[in-house]
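Values in this text are rule-based calculations from the coordinates and carry no lab data. Nothing here was measured: the structure is a model prediction, and the numbers come from that model. Cβ atoms come from the backbone with ideal geometry, glycine included; neighbour counts cover every protein chain shown.
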Amino acid sequence: EREADEAEHRRQEHAIRQQISNISHDLRTPLTAVCGYLELLEREDKSEAVERYLACIGERAEAMRRLTEELFCYSVVLSPETAPELVRGDLRAALESSLAGAFPALSERGISPVVELPEEPVFCLMSEPAVSRVFGNLLSNAIKYSGGDLRVSLGDNAVVLFENSAPGLDEVQVRKLFDRFYTVEAARSSTGLGLAIAKTLMEQMRGSISAELTDGVLRLRVSFERLT
């Protein structure tokens, strides 16, 4: 019975992955056309009202594009054929690169992150593209939920901590953060897949990720397999 249940679970997971992939593909084609026509309209003479409307449409189309890409990314991450290739890599350098890439978005939100990194490289088992995706999703999460602060630290034990005040979250919501398609009300523009993708990638890299809320501070702990 257990084997039958596991087989059914695998079948359902495969069906879900296929549906997500199909939906993302079906959305990308018309969305690309919409964005293309918007670019053409921008070159035409327009009244002030039309320019305002086009700006609103452009913002919504860009949000839709991001959501579609997140759906597509999730379907790719779940595919057994696309499991990341693991190598010995410098976690410190990867974290620095991700922080630098997120700096404009953090600044726009008025967040000046406090960063604590060791002086020496921290080597671990990793895939650089997967690590970049994990850190990018965690930083995006901080931008959505932070009360205006962010602390990022890396220890010699290859554990990365992302900490920020999260006044809009409670313990029940935090326990669901890694659930597929779960979103809190403050993040209506999200598919709820960002942290689910991060968790899947960490498991594929033989690591782990967890979240806890203490005195209004959200702490995301990301642990990698340390190498010498």
Handout entry: Assigned charges on the beta-carbon of Lys, Arg, Asp, Glu; region 25-69 dipole about Cα centre (debye)
Key = 180 debye
Fill in the blank from the handout: Here, Arg175 and Val87, labelled 7 Å along Cα→Cβ, have an inter-label distance in nm of 4.2 nm
Handout entry: the chain: proportion of alpha-carbon pairs further apart than 30 angstrom, %
Key = 34 percent
Exercise for the section: Would you kindly give the portion of the calculated P(r) for region 47-127 that falls above 20 Å, as a percent of all Cα pairs? Expected result: 64 percent
Practice task
Given the options Phe178, Phe162, Phe103, state which has the largest fluctuation in a GNM of the chain using a 10 Å cut-off (strictly under) for Cα springs.
Solution key: Phe103
Practice task
Apply 1/(1 + (r/R0)^6) to the Cβ-Cβ distance of Arg28 and Asp149, taking R0 = 35 Å, and write down the FRET efficiency to the nearest 0.05.
Solution key: 0.45
Practice task
Would you mind listing how long region 108-148 runs along its three principal axes, going by Cα atoms, in whole Å with the largest first?
Solution key: 32, 23, 13
Handout entry: Rg [Å, one decimal], Dmax [Å, integer] - region 13-57, C-alpha atoms
Key = 16.2, 50
Fill in the blank from the handout: Most fluctuating of Leu177, Leu139, Leu27 in the GNM of the chain (C-alpha, under 10 Å) is Leu27
Handout entry: Cα-based Rg / Dmax (Å) for region 1-85
Key = 19.4, 68
Exercise for the section: Identify, among Cys73, Asn141, Leu86, the residue whose Cα sits farthest towards the positive end of the charge dipole of the chain, taking +1 on the Cβ of Lys and Arg and -1 on the Cβ of Asp and Glu, with the dipole about the Cα centre. Expected result: Cys73
Exercise for the section: Just name one of Pro121, Ser21, Ser153: the one whose Cα is farthest towards the positive end of the charge dipole of the chain (beta-carbon charges, Lys/Arg +1, Asp/Glu -1). Expected result: Ser21
Practice task
Could you give the size of the charge dipole of the chain about its Cα centre, using +1 on the Cβ of each K and R and -1 on the Cβ of each D and E, expressed in debye and rounded to the nearest 20?
Solution key: 180 debye
Completion exercise
The FRET efficiency for Ala4 and Leu38, from their Cβ-Cβ distance with R0 = 35 Å and rounded to 0.05, is 0.10
Problem - Distribution of pairwise C-alpha distances over region 97-228, 10 Å bins, in % - result: 12, 46, 36, 6, 0
